[in-house]
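Scroll down for the structure; my scribbles are underneath it.
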There are 2 protein chains.
Amino acid sequence: MTLTIGLIGLGAMGSGMAQSLRRAGHSPHVFDVRPGAAEAFVRDGGHACATLADLGARCDVVVSVVVNAAQTESVLFGAGGDGDGSLAAAMQPGSVFVMCSTVDPNVSMAFESRLAKKDILYIDAPISGGAAKAASGEMTMMTAARPEAYAKAGAVLDAMAAKVYRLGDRAGAGSKVKVINQLLAGVHIAAAAEAMALGLREGVDPAALYEVITHSAGNSWMFENRMAHVLAADYTPLSAVDIFVKDLGIVLDMARATKFPLPLSSTAHQMFMQASTAGFAKEDDSAVIKIFPGIELPKKA
Amino acid sequence: MTLTIGLIGLGAMGSGMAQSLRRAGHSPHVFDVRPGAAEAFVRDGGHACATLADLGARCDVVVSVVVNAAQTESVLFGAGGDGDGSLAAAMQPGSVFVMCSTVDPNVSMAFESRLAKKDILYIDAPISGGAAKAASGEMTMMTAARPEAYAKAGAVLDAMAAKVYRLGDRAGAGSKVKVINQLLAGVHIAAAAEAMALGLREGVDPAALYEVITHSAGNSWMFENRMAHVLAADYTPLSAVDIFVKDLGIVLDMARATKFPLPLSSTAHQMFMQASTAGFAKEDDSAVIKIFPGIELPKKA
């Protein structure tokens, strides 16, 4: 049985994932709120849907790759709830909704419950790896779902990602692990900025500092990746400061629900908010280094 | 010309470095304050010195591998200054003192100045890599020194370390880079603990969390290394909580001298102090996770 697959949100990640589906032999139905985006995509194969209801009615598995929880809510249930025009109202019983956004795990668990009432299956499936890996099918998915959801849509996940972690038998653990990854990513970017800023303040050669740290126990994936942007004075946003204002906000929201203290995450969140409001919201997240006073950052060669 | 080498401090790092010197064909003169330590070492070659003055008078290059700045001060200048019995009084003009401890860079620069008045050369040379790499000659040195000091003792450094970074032409940059590495190492250990603690609070399987994070952008050298101790419930101190109370203290002292703000370092320092005073001072630094309330840590299998 060949499944009909839908994909909502043809942004940097979603368009790459739709390409991976096409490469795997699917002819995906796609939808994007931006006029013309779906039509442009289907020039190389696939079907553009004019409405979410149209997509929902046609597909066995719907993959949602929108920005956040609010957009996911809007996609599923529309501005006016789950009335006739919404995706959730249009999807068939037994079909599967795959939620790929980074959201509060409690929100993801609530989506699963609400869809279960309509006999729609759900996979909690945040993604990681960036646009290039999405397009090549090499990204990572952190998933959790009921066994019957995996049984129906597991192969679709494997078509989009090199590594599909299965972390639980109902929604929640996928989003939890993704949120904890974002905790570390955000703290590490802010720590990398703090370390590089101190080096500049102390007159250490930044390239030499980068060389030593990336070969020492102080290294992190984020130090190595983001401080290269600072050395090159290139703040083109691959991922923007405001993404970590959002994601560390989700980290803190999740922990607040169980009154759990997160001293480093809350400090890093303040640093990204300071950077955002100081004018660097749309710059690369490494621009958090610009909050440090009394230093001269490397300039473009 | 074969140099006569001395080494002071036969602890975990120093004894390995003395072995590396022996392997390189040297017959090192060694000293340790602990009775019998030097005698035990020289059973396989080398010379035990009864006093620092004896060692200083005999050696062209003296490598100091003591715990901190206070011990280095005591080694060099004795309790009573630089009088007749001290190492600095005994060392010959033109000989070289190699300072391998993690200290405030300003302290290291002051050692260089004070020794220069006696025509003793100085290498700012903090080390990194742990005891096993010290013994195999594979550790890293972060060094800075005047060219004449490198000219005389450069080969001695290479005999002890796989990688000798030369970061400046006078003392300071070696210690600065080492201190910044400790900033990142300390923040990353505390962040790893915070992330793992949140996962436990949220009911995530800690082994699965470890597996995903170590293959994701949230990874750090310290997360991968130290959270393995937490999963194994093994808090045997490879490096103790109190080492980071000390080292993050040096980070903050250095930055305070130029009034430079370090929000994450100061937060992490508070976390290690909380762990220390709560009773975990001598446990592995990963025991900083024990400050988090309301979680059950993995137990020994």
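Observations on the model:
- Average partner coverage of A:200-208, which counts Cβ from other chains inside 10 Å: 5
- Within chain B, longest stretch free of exposed GluC sites (Glu not before Pro) [DSSP loop, at most 16 other beta carbons within 10 Å]: B:139-295
- Average beta-carbon neighbours from other chains, 10 Å sphere, peptide B:137-147: 1
- On the principal axes of its alpha carbon atoms, region B:98-177 extends 36, 25, 18 Å, with the longest extent given first.
- Binning the C-alpha pair distances of region B:176-291 at 5 Å intervals from 0 yields a P(r) profile of 2, 12, 23, 24, 18, 13, 5, 2, 0 %, listed from the shortest bin outward.
- Taking amide H as placed 1.01 Å from N in the peptide plane, the amide H of A:Val62 sits under 5 Å from that of A:Gly6, A:Val96, A:Phe97, A:Val98, each at least 5 places away or on another chain.
- For B:Asp169, the solvent-accessible surface with a 1.4 Å probe is about 100 Å², rounded to the nearest 10.
- Nearby aspartates and glutamates by direct alpha-carbon distance to B:Lys300 (threshold 20 angstrom, same-chain neighbours under 8 apart not counted): B:Asp205, B:Glu211, B:Glu224, B:Asp234, B:Glu283, B:Asp284, B:Asp285
- Total charge dipole magnitude, the protein assembly as shown, about the Cα centre, Cβ charges on Lys, Arg, Asp, Glu only, Debye to nearest 20: 100
- Within chain A, the whole DSSP H helices whose Cα atoms reach 27 Å or more along their own axis and whose mean Kyte-Doolittle score is at least 0.5 are A:173-201.
- Rolling a 1.4 Å probe over the protein heavy atoms leaves B:Asp242 with an accessible area of roughly 50 Å².
- Projected-area average for chain A over all orientations - Cα convex hull basis, square nanometres: 17.0
- Accessible area in the full protein assembly, largest first, 1.4 Å probe, for A:Lys246, A:Lys299: A:Lys299, A:Lys246
- Taking 0.36 nm per residue of separation and subtracting the current Cα-Cα distance, fully stretching the chain between A:Ala232 and A:Ala132 would add 33.9 nm.
- Computed about its Cα centre, the charge dipole of chain A is approximately 340 debye, with only Lys, Arg, Asp and Glu carrying charge at their Cβ.
- Rounded to the nearest 0.05, the FRET efficiency derived from the C-beta distance between A:His215 and A:Ala155 at R0 = 41 Å is 0.50.
- Computed on the Cα atoms alone, the convex hull of region A:5-170 gives a volume of 95 cubic angstrom per residue.
- Peptide-level mean, for A:259-270, of C-beta atoms on other protein chains within 10 Å: 6
- Shortest-first distances to equivalent copies, position A:Ala151, nm, label 7 Å out along Cβ: 8.1
- For B:Lys152, a cut-off of 25 angstrom between C-alpha atoms picks up these lysines, skipping any fewer than 8 places away in its own chain: B:Lys117, B:Lys118, B:Lys133, B:Lys163, B:Lys176, B:Lys178.
- Estimated 222 nm signal from helices in chain A, with DSSP H stretches of n ≥ 4 weighted -39500 (n - 2.57), rounded to 500: -15000 deg cm²/dmol
- Probe 1.4 Å - accessible area at B:Arg226, Å² to nearest ten: 20
- Segment B:Asn106-B:Ala70, length gained on full extension (0.36 nm per residue, minus Cα span): 11.6 nm
- Eigen-decomposition of the gyration tensor built on the alpha-carbon atoms of the protein assembly as shown gives equivalent ellipsoid semi-axes of 56, 23, 20 angstrom, largest listed first.
- Other residues within the sphere of radius under 12 Å centred on the Cβ of B:His29, judged by their own Cβ, net out at -1 (K and R +1, D and E -1).
The values are calculated or read from the model by the stated rules, or taken from the named source; none is laboratory data. Fair warning: this is a prediction, and the values are worked out from it, not measured in the lab. When we count neighbours, we look across all protein chains shown, and the Cβ atoms used for this are built from the backbone with ideal geometry, even at glycine. What goes into the accessible areas is simple: the full protein's heavy atoms, side chains included, and nothing from ligands, DNA or RNA. Shrake-Rupley method; radii C 1.70, N 1.55, O 1.52, S 1.80 Å.
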